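One structure below.
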Amino acid sequence: MKLTVLGHQSPTPGPGGATPGYLLETAQGKILIDCGSGVYAQMMKHIHIEELTAVVLSHYHHDHICDMPILQYGVMMAEIFRKRSGTMPIFGPAEPQDWAKKMNYQKYTQLRTVKEKDTLTIADVEFSFLRTDHPLLCYAMKITDGKRTIVYGADTGPETNWYGFADGCDLFICEATFIEAYLPKGKRGHLSAREAAQTAQRLGVKQLLITHLSPDIDRTAYEKEAATGGFTGTWQLADIGQVIEL
């Protein structure tokens, strides 16, 4: 499996940046995971829209889906130009219904809803889903080819129960929206960089990719705080164009 970071910022992109989006490539296909602001243009640096097999969405907050209408246009134009045919499958939650319905676009894209504990196979890799600690219905994804496992945490607060889902995975993609100095009080649905590292250590993951970074916080501040989380494996901050092969 080959994972390319197309976007890693949130809730807005910085100059030349992009909010969450990841391209997963296997020998059998190419899958887009989340589709935030700027993600479509970044994806086109690596593949053409007609090469895309499917889209899998964690939830319907704007920073994870706002390029979906552009992707839908891309699919439409590829069919008009006879570069592809057939409906592009979009996998995502059923709620909120008003946003879920927007994932359907004429004959070009069609939503296939997923729920917690569902499994599905796309391009010879298996996806399974876990509801995270987040105000809007949001699913983390476990992705495996039978040899290696990636867990994409999407948006999550500290109360997500990762055990039995993410423990020991080869790559844990974990959000760190905040550093400790800016953590909101009470329920928040997001983690700090220290909490991301602490979570990875508790789960015994092999590699940690820290993502969902605010462009208003200096990367060195994220790095310094993540280093205090006690994670003893390999870790790094996500960056656009970064490639991880498993």
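Every number in this text was worked out from the coordinates using simple rules, so none of it is lab data. Computed from a predicted model, the values in this text were never measured in an experiment. Positions of Cβ are backbone-derived with ideal geometry, glycine not excepted, and every protein chain shown enters the neighbour counts.
Of the chymotrypsin sites (Phe, Trp or Tyr not before Pro) in the range 51-123, the ones in a loop by DSSP (not H, G, I, E or B) with at most 12 other beta carbons within 10 Å are PHE81. Summing +1 for each Lys or Arg and -1 for each Asp or Glu among the other residues whose beta-carbon sits under 12 angstrom from that of GLY14 gives -2.
Between the range 130-201 and the range 65-102, the alpha-carbon centres lie 27 Å apart. The slack in the chain from THR26 to ALA221, taken as 0.36 nm per residue of separation less the alpha-carbon distance, amounts to 66.8 nm.
Sequentially through the range 151-165, phi angles give Karplus couplings (6.51, -1.76, 1.60; θ = phi - 60°) of 10, 9, x, 6, 9, 7, x, x, 9, 5, 8, 7, 5, x, 10 Hz, Gly and Pro residues having no value and appearing as x. Loop-resident GluC sites (Glu not before Pro) (DSSP state other than H, G, I, E or B) in the range 73-162 with no more than 14 further Cβ atoms inside 10 Å of their Cβ: GLU116, GLU159. The stretch between MET44 and GLU95 holds 15.5 nm of extra length on full extension. This uses 0.36 nm per residue minus the Cα-Cα distance.
Note on the chain: GNM, Cα springs under 10 Å; of MET88, MET43, MET77, the largest mean-square fluctuation is that of MET77.
When a/c reaches 1.5 or more, the comparison of a/b and b/c decides; with that in mind, is the range 3-68 rounded, prolate or oblate per its Cα gyration tensor? Prolate shape, in that a/c is at least 1.5 and a/b is the bigger ratio.
Its residues counted as N, the chain yields a C-alpha radius of gyration over 2.2 N^0.38 Å of 0.95. For the chain, give me the percentage of DSSP beta bridges that are antiparallel, rounded to the nearest 5 percent. Just about 55 percent of them are antiparallel.
Among THR119, THR12, THR109, the largest mean-square fluctuation in a Gaussian network model of the chain (Cα springs under 10 Å) belongs to THR119. Estimated from helices alone, the mean residue ellipticity of the chain at 222 nm is -5000 deg cm²/dmol (sum of -39500 (n - 2.57) over DSSP H runs with n ≥ 4, per residue). Quick check on the range 1-115: take the gyration tensor over C-alpha atoms, sort the square-rooted eigenvalues as a ≥ b ≥ c, and tell me if it's rounded (a/c under 1.5), prolate or oblate. Verdict is rounded for the range 1-115.
Amide H contacts for CYS66 (H built 1.01 Å from N in the peptide plane; partners 5 or more residues away or on another chain; cut-off under 5 Å): SER37. For the range 130-217, the equivalent ellipsoid derived from the Cα gyration tensor has semi-axes of 22, 14, 11 Å, listed largest first.
Here the Karplus curve 6.51 cos²θ - 1.76 cosθ + 1.60, taken at θ = phi - 60°, turns the phi angles of the range 127-139 into couplings of 9, 9, 10, 9, 6, 9, 7, 8, x, 8, 3, 9, 10 Hz, with x standing for Gly and Pro.
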